[in-house]
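One structure is given below, encoded as structure tokens.
The values are calculated or read from the model by the stated rules, or taken from the named source; none is laboratory data. Keep in mind that this is a model prediction, so the values were computed, not measured. Neighbour counts are summed over all protein chains in view; Cβ atoms, including those assigned to glycine, are modelled from backbone coordinates with ideal geometry.
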Amino acid sequence: MARRDDETRAAVRQAVSVSVATGLYGVSFGALSVAAGLDLAQTMALSLLMFSGGSQFAFIGVVGAGGPGAAIATAGLLGVRNGLYGPQVAPLLGAHGWRRPLAAQLTIDESTAVGTAHPPGPAARAGFWWTGAGVFVLWNLFTLVGALLGDALGDPRRYGLDAAAAAAFLALVWPRLGGASGRLARVVAGAAVVVALALTPVVPPGVPVLTAAAVAIVAGLLVRAEPDAVRASDEVPVPGGDR
Amino acid sequence: MTWFAIVVASVVCFGLKLAGHLVPEHWLAQPRVARTAALVTVALLSALVAVQALTSGRAVVVDARLPALAVAAVALVLRAPFVVVVLLAALTAAGLRALGMP
């Protein structure tokens, strides 16, 4: 029994450190969202309702120039991976009734990573719920701080916030490109950059990014799986988790 | 229009999360599905890096954002935390613009 308590305590400790690291970069989301032209309420709605960093950054990056259709499609496509986490965490949680939609909303990169890093049972459940709830609270709190800060700053270009947006996407994709298993991912990343830039002058804004997703779908379906190729489901990158 | 997009996109994202909790596990267990989804994430984020760093409307332009992105990449190689990476990029671009770079 004592060992199980130790496992659970370790899971909670990890959950807290991941929550703080992840929550902190809610500041950059809040500031960038306001810089992209969204107001405070819209920025908070994204963090409360969408609650998925990659989708949120993509939404604010695309909605201005690309319009609502492209923004919905890009954010939705980036949200697909959260759907793939469900089958991994649902058996660990055994959630029923109102807890099920709650668990679903909290199913993100970080909660899945911490939950599946511990043995099934109380430790895995504690890891998932503490991380999910911790990131949710801190992500929203720091989004608010960032949005207020961004509002006070004024012209986003003067403070380099447009460059910060590009850096945020780079930091989000970075953990997915590493190691030998990231080779196919690096090829796809390179192709996506070329396709997006080549299409920018000739198609409406928003379309270049979506077309890059098509490149990945073709690559994923055609390229023969290498033994150690990209393993989406067992390698969940934790932004800030190893720091 | 922005509110409409926020609500629809949030419903889509929640629907995907909930679907993952409801579908039978073996539906998504195919390696090809997981692999393709991971690659779609990589492609979208990479395309967003390029569009955010190198385009302005329908033009491909090089300005202070590119050196800022290079600084961010160096920070990532050195395993700097997310907030530091983003902050360094902003400071680089802001500094270069203060010096007269577009």
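A few points about this structure:
- Entry remark, the range B:31-82: residues being under 14 Å from the mean Cα position of the chain (by Cα) and farther than 21 Å from A:Ala73 by Cβ number 6 in total.
- The set of residues in the range A:194-218 being hydrophobic (A, V, I, L, M, F, W, C) and in contact (Cβ under 8 Å) with a residue 12 or more places away in the chain consists of A:Val195, A:Ala196, A:Leu199, A:Val207, A:Val209, A:Leu210, A:Ala212, A:Ala213, A:Val215, A:Ala216.
- Out of A:Ala113, A:Ala73, A:Ala103, A:Ala58, one residue alone is in contact with a His (Cβ under 7 Å, 6 or more places away or on another chain), of a type outside the set (Phe, Trp, Tyr), buried (at least 18 other Cβ atoms within 10 Å of the Cβ) and closer than 23 Å to B:Ala37 by Cβ. It is A:Ala103.
- Counting only residues that are of a type outside the set (A, V, I, L, M), surrounded by fewer than 16 Cβ atoms within 10 Å (Cβ to Cβ) and within 7 Å of chain A (Cβ to nearest Cβ), the range B:1-18 holds 2 of them.
- Entirely in the range A:38-110, the helices (runs of 4 or more DSSP H) that have 3 or more residues that are facing chain B (nearest Cβ under 8 Å), touching a residue at least 12 places away in the same chain (Cβ under 8 Å) and within 23 Å of B:Gly57 (Cα to Cα): A:53-93
- All of (1) modelled with pLDDT of 95 or more; (2) more than 20 Å from A:Leu199 (Cβ to Cβ); (3) of a type in the set (Ser, Thr, Tyr) hold for B:Thr36 with one exception: (1).
- The residues in the range A:104-139 that are under 15 Å from A:Asn82 (Cβ atoms) and among the aromatic types (Phe, Trp, Tyr) can be counted, and the count is 3.
- Counted residues, the range A:126-142 - those being surrounded by fewer than 20 Cβ atoms within 10 Å (Cβ to Cβ) and farther than 20 Å from A:Leu172 by Cβ: 3
- Residue list for the range A:148-203, restricted to those being under 27 Å from A:Ile108 (Cβ atoms), assigned to a loop (DSSP other than H, G, I, E, B), modelled with pLDDT under 90 and not small (Gly, Ala, Ser): A:Pro156
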